[in-house]
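The values are calculated or read from the model by the stated rules, or taken from the named source; none is laboratory data. Small disclaimer: the values here were computed from a predicted structure and weren't measured. Virtual Cβ from ideal backbone geometry, glycine too; neighbours counted across all protein chains shown. Note: areas computed on protein heavy atoms with side chains; ligands, DNA, RNA excluded. Shrake-Rupley method; radii C 1.70, N 1.55, O 1.52, S 1.80 Å.
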Amino acid sequence: MRIADFHVTPIAIADPPLLNAAGLHAPYALRAIVEVVSDDNIYGVSESPGGADVLADLEAVRALVVGRDPFALNKIAQDIETHFGDATSGDRQYMRTTIHSRRAARVFGAVEVACLDLIGKAIGQPVCNLLGGKVRDRVPFSAYLFYKYEGAGGQLGFATDLGATGWDAARQAAALTPAGIVAQAQAMCRAFGFKSLKLKGGVFPPHIEVDTIFALRQAFGPNTPLRLDPNAVWSVETAIRYGKQLEGALEYFEDPTRGQAGMAQVAQAVNIPLATNMCTTSFDDIPGSVRLGSEHIILSDHHFWGGLRASMELARICRVFGRGLSMHSNSHLGISLRAMAHLAAAAPNLTYACDTHYPWQREEVIVGGRLQFDDGDLIIGDEPGLGVELDRAMLARLHENYVQCGLTGRDDEAEMQKVQPGWKFMHTRW
Ligand code: GKR
Ligand code: MG
């Protein structure tokens, strides 16, 4: 089998005005849909973060992909690594909440998932079987809570759809207080069945975010796992001070402060497991993590750890060095969600409910429309590949969104400045 064609389609998906430490989500999130087509006309698909720089990087490897055997993933990876070397994509706004700037890992991840989907479809096996097989059929996800302004995103921007009911209405409602977040959590859990809650912090002064955690604990009871993620904008002192108040209340404390050394200081002082998708984000960071003891749990993300097989290697490394394993997400559609779920079905030590932004989106690019959670879980069956087919009409429509929306990258600081002129991102705000 040979890869005869390689397509990259940029898309834009409606995204509501969610707040984080870097600012505000734009009305659209950018993704790229990557397809590899075999010489016998089977296609494999993957979904990657989008934006002009990602598109240019994907286009740049076209000649390294077309004509290759999709099974030859190690060689394709090597060639992509040779092409990019250690290049990173620079300090874009986006990188301020997630450091996944290694271009070779990001590009290969997108190519690899599409190749695994192609191989799976060609041999009639689900992608998780190409990772060694499932250890679980059901993959639990968590409710990812955000402080937010009122609004639906997309064309509606800050407007809301007045006819919305249920989770649709809650998704559009403002949530700027502890009570607003509790209402959001209740609506999300009612709609999806999630059993764990994660709050995106780093938005308001720490005491408000701590109060929000205690309001969630009060509403959901002590047995619902809770996580708080200030995206590293708390100083070490602030993280220790508020971390001590949160002892016993959090399942894990995600990136309370910046960098491995700071995280290690917090880990020493606070009796809560620390998790990261910011200080240990590539294999190069593992020696520092082990030397310093910067976190207890690593959040995998195949989009920036170099694909699904590399994420299985990360799982093994976590076992060796006594790290727990969870999963990070960013605004995404069902192709990414299915890839995340195949990985989580196959990684034995991925024992935490995975993050997902999926409830915040309302569009889909796959046949059959939005994926359904069963009591908070995605069920991985035996469908070949990732178990998704592209809806070509939706792909064209979401591509048109991309062309019309005029965004070429993610800049949460610039979006925030439209609402609060002069607002500035700060590496350490509190
Ligand atoms: O979507 O605003 C967001 C998140 O803050 C995202 O960009 C982060 O990468 O989900 C992420 C995280 O856990 O840090
Ligand atoms: Mg995080």
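What you get for segment 138-379, charging only the Cβ of Lys and Arg (+1) and of Asp and Glu (-1), is a dipole of about 320 debye around the Cα centre.
Can you give the local net charge around Glu364? Use residues other than it whose beta-carbon is closer than 10 angstrom to its beta-carbon, Lys and Arg +1, Asp and Glu -1. Walk me through the numbers on the way to the answer.
On the way: positive: Arg362, Arg370; negative: Glu363, Asp391.
Within the 10 Å Cβ shell, the charges total 0.
Which percent, nearest 5, of DSSP beta bridges in the chain are antiparallel?
Values: 29 of 50 bridges.
Counting only bridges with both partners in the chain, antiparallel ones make up about 60 percent.
Entry for segment 109-260 at q = 0.11, 0.17 Å⁻¹: log10 I(q)/I(0) = -0.59, -0.99, Debye formula applied to identical alpha-carbon scatterers, no solvent contribution. Between the Cα long axis of helix 206-220 and the first principal axis of the chain there is an angle of about 80°, rounded to the nearest 10. Computed over the chain, the per-residue total of -39500 (n - 2.57) for DSSP H runs of n ≥ 4 gives a 222 nm mean residue ellipticity of -11500 deg cm²/dmol, rounded to 500. Taking the charge dipole of the chain about its Cα centre, with +1 at Lys and Arg Cβ atoms and -1 at Asp and Glu Cβ atoms, the residue from Gly368, Pro140, Pro126 reaching farthest to the positive side is Pro140. Kirkwood hydrodynamic radius computed over segment 138-379 comes to 18.3 Å, based on all pairs of distinct alpha carbons. Contact order, relative form, for the chain: 23 percent (alpha carbon pairs under 8 Å, 6 or more residues apart, mean separation divided by residue count).
In this structure segment 138-379 gives 34 Å² per residue of accessible area when probed at 1.4 Å with all protein chains present. Taking only the alpha carbons of segment 195-315, we obtain Rg and Dmax values of 14.4, 41 Å in that order.
Hey, got the dipole for segment 35-169? About the Cα centre, +1 on K and R Cβ, -1 on D and E Cβ, debye to the nearest 20?
Details: 13 positive and 18 negative charges, 86 e Å.
So the magnitude is around 420 debye.
Reducing segment 388-430 and segment 321-372 to their Cα centroids gives an inter-centroid distance of 20 Å. Between the listed residues Ala175, Ala344, Trp305, the Cα displaced farthest toward the positive end of the dipole of segment 138-379, a dipole computed from Cβ unit charges relative to the Cα centre, is found at Ala344.
Counting other Cβ atoms within 10 Å, keep those with at most 11, restrict to DSSP loop, and tell me which trypsin sites (Lys or Arg not before Pro) in segment 329-430 are left.
Numbers: sites: Arg338, Arg362, Arg370, Arg392, Arg397, Arg410, Lys418, Lys424, Arg429; in loops: Arg362, Arg370, Arg410, Lys424, Arg429.
Answer by residue number: Lys424.
May I ask you to give the percent of accessible area on the chain that is carbon plus sulfur, with a probe radius of 1.4 Å?
On the way: 7940 of 15420 Å².
Taking all protein chains in place, the chain shows 51 percent carbon and sulfur surface.
Between segment 110-180 and segment 48-90, how far is it from one alpha carbon centroid to the other, in angstrom? Using only Cα atoms to place each centre, the spacing works out to 26 Å. Around the Cα centre of segment 37-89, unit charges on the Cβ atoms of Lys, Arg, Asp and Glu (plus for the first two, minus for the last two) sum to a dipole of about 80 debye.
Ranked highest first by the average count of other Cβ atoms within 10 Å around their residues, in what order do 68-75, 16-23 fall?
Values: 68-75: 15.6, 16-23: 24.0.
Most protected by this proxy first, the peptides run 16-23, 68-75.
Given C-alpha coordinates of segment 1-154, what is the ratio Rg to Rh with the Kirkwood estimate of Rh?
Details: Rg = 17.4 Å, Rh = 17.2 Å.
Over the Cα atoms of segment 1-154, Rg/Rh equals 1.01.
Per-residue accessible area (protein heavy atoms, 1.4 Å probe) orders Trp430, Trp305, Trp167 as Trp430, Trp167, Trp305, starting from the largest. Taking Lys and Arg as +1 and Asp and Glu as -1, the other residues whose beta-carbon sits under 10 Å from that of Leu130 total 0.
A Cα-only calculation for the chain places Rg and Dmax at 20.3, 61 Å.
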